[in-house]
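*Asks:* Mind having a look at this structure? Questions to follow.
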Amino acid sequence: MDVAELAARWAALNPELADRLSRAVVLIEPSTMARDVYYVRGAETPHTVVVDRTAKASTCTCADHKYRGVRCKHRLAVALSEVAKRKVKKAA
C-alpha cells in the first residue's frame, strides 16, 4: 500500500481531515528525514516535525499546530510516511 492509498483510507475514516490529507501526501521527501525529526515542505518555508515516540505524539513549527492546535498537514504527512514504511517492512 502506498502513501496515497493510505491517505484515502484515513480520509474515509476521518472526512474532516480529507483536505489536509490530500495536501499532506505530496509534502514529505525521504531525503529530508532524520531519526524522529522531519523537515517538511511548507508553502513558503520548510517546517520541522518532531516525533516523540514515547508519548506517541508529534509537534510542528507551523502556525496551524502552534497557534490553532489542529492536526496540520505536515504532521499528517509524517504520520502517513511512518505508517507506510511500517507496512512495507511487514510485507517484506
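*Asks:* So in the stretch 20-51, with the set limited to residues that are among the hydroxyl-bearing types (Ser, Thr, Tyr) and in a helix (DSSP H, G or I), which one is modelled with the lowest pLDDT?
*Replies:* Among those that are among the hydroxyl-bearing types (Ser, Thr, Tyr) and in a helix (DSSP H, G or I), it is 31.
*Asks:* So, in the stretch 52-87, how many residues would count as being of a type in the set (S, T, N, Q) and in a helix (DSSP H, G or I)?
*Replies:* The first filter runs over the stretch 52-87 and keeps only residues of a type in the set (S, T, N, Q), leaving 54, 58-59, 61, 81.
Imposing the further condition that a residue be in a helix (DSSP H, G or I) reduces the set to 81.
Number of matching residues: 1.
*Asks:* Within the stretch 47-69, track down each residue that is under 19 Å from residue 16 (Cβ atoms) and surrounded by 14 or more Cβ atoms within 10 Å (Cβ to Cβ).
*Replies:* 58, 60, 62, 64, 65
*Asks:* While we're here: Pairs under 8 Å by beta carbon, first residue more than 22 Å from residue 62 (Cβ to Cβ) in the stretch 72-92, partner buried (at least 24 other Cβ atoms within 10 Å of the Cβ) and of a type in the set (S, T, N, Q), six or more apart or different chains?
*Replies:* none
*Asks:* Something else: Any residue at all in the stretch 7-19 that's part of a strand (DSSP E or B), modelled with pLDDT of 90 or more and among the polar types (S, T, N, Q)? Step through it out loud before you land on a result.
*Replies:* Taking the stretch 7-19 as the starting set, the residues that turn out to be part of a strand (DSSP E or B) are none.
Among the residues of the stretch 7-19, not one is part of a strand (DSSP E or B), modelled with pLDDT of 90 or more and among the polar types (S, T, N, Q), which makes the answer no.
*Asks:* Now a separate question. So residue 84 fits all but one of (1) out of contact with any strand residue (DSSP E or B) (no Cβ under 7 Å at 6 or more places or on another chain); (2) modelled with pLDDT of 90 or more; what number is the exception?
*Replies:* Answer for residue 84: the failing condition is (2).
The values are calculated or read from the model by the stated rules, or taken from the named source; none is laboratory data. Keep in mind that what you see is a predicted model, and the values were worked out from it rather than measured. As a convention, Cβ positions derive from the backbone with ideal geometry for all residues, glycine included, and neighbour counts pool all protein chains shown.
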